[in-house]
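Below: the structure, in structure tokens.
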Amino acid sequence: VAHVAPRGRKNRKKPMLDNMSYGSIALALVLGYVCYYVVTSLLFSPRRKPSRPAYNSGDFKRTYKRGTGKPIPCTSPATGETLGTCHAYTPEEVKAAYKRAAKAAEEWSKTSFDERRALMMDMLDWVLDHQEEIAQMSTKETGKTLAEAALGEVMTTLEKLRWLVQHGEDCLAPESRGVPLLLRFTKSARVEWYPLGVIGIIVPWNYPFHNVLSHVATALFAGNGAVVKVSEWASHSAGWIEDMLREVIGKRGFNPDL
């Protein structure tokens, strides 16, 4: 026996949304956008204009050769395409790179955290403006898909830079340490963090852009310079990344040899 419900008004389904519901949703969207704008404004430092003129009147070109040692053929693992040939640095060239970075770090180590945050934001902006080029470069050099390159090279780097801007200063703040009970009335102890000078960085091949930029950014935020050794399996992009860093640092008015 089939039961058929009457067609009365009481059994009709009410519409899912009435006019007031649409108005509430619209209001919620507007409030959500305002909250998002406020929160992101708090999380991200405002863009700061450079506090000094561009370094060397805007000429950031290298005054040294990139490497004159053993040739390193660069090929795409996905297609076998020849990307070019790089040259390893000789021991003398590595020492010279260290000396240039150490000289530049003497001035950089005295900068404020506000200045360092501004540099991180400049780097973040550059990554956003060149995200397609970064993904294409990673795809050619490592054989990744564009989606994987965008996730592993671009988004991860942006998050690392954002995290440094938001939390880097707190990580380098002085930290209190306990002292023996009998000395508490006359002694106190704390750990203070100072720049070390030049940080040596060795990175693998799998994420040639992120692996370089994330470690260099950390070194720079702590007031150091950096000398990076990239993988011989992903050397083709090293010069391009170096030129980018020189440009971003130089536009801030600091020695791009950093």
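Points worth noting:
- Selection among Ala222, Leu119, Trp240 by position relative to the dipole of segment 114-258 gives Ala222 as farthest towards the positive end (Cβ unit charges, Cα centre).
- The Cα atoms of segment 131-211 cover 64, 24, 19 Å along the three principal axes, with the biggest extent listed first.
- Proximal aspartates and glutamates to Lys99, defined as alpha-carbon separation beneath 20 angstrom and excluding residues fewer than eight positions away on the same chain: Glu107, Glu242, Asp243, Glu247, Asp257
- Computed magnitude of the charge dipole of segment 99-258 (debye, nearest 20; Cβ of K, R +1, Cβ of D, E -1): 820 debye
- When segment 161-212 is described by a simple charge dipole with +1 on each Lys and Arg Cβ and -1 on each Asp and Glu Cβ, the residue from Val191, Phe209, Ala173 located farthest towards its positive end is Val191.
- In segment 109-188, lysine pairs with alpha-carbon atoms under 30 angstrom apart (chain gap of 8 or more, or interchain): 4
- Alpha-carbon centroids, segment 195-258 and segment 96-174: separation in whole Å: 8 Å
- As computed over segment 102-258, the Cα convex hull volume per residue (Å³): 128 Å³
- Estimated Rh, segment 203-258: Kirkwood, alpha-carbon pairs, angstrom: 11.6 Å
Every number here is computed from the coordinates shown, using simple stated rules; none is lab data. Since the model is a prediction, treat every value here as computed from it, not as a measurement. Every residue, glycine among them, receives a Cβ derived from its backbone with ideal geometry; neighbour counts consider all protein chains shown.
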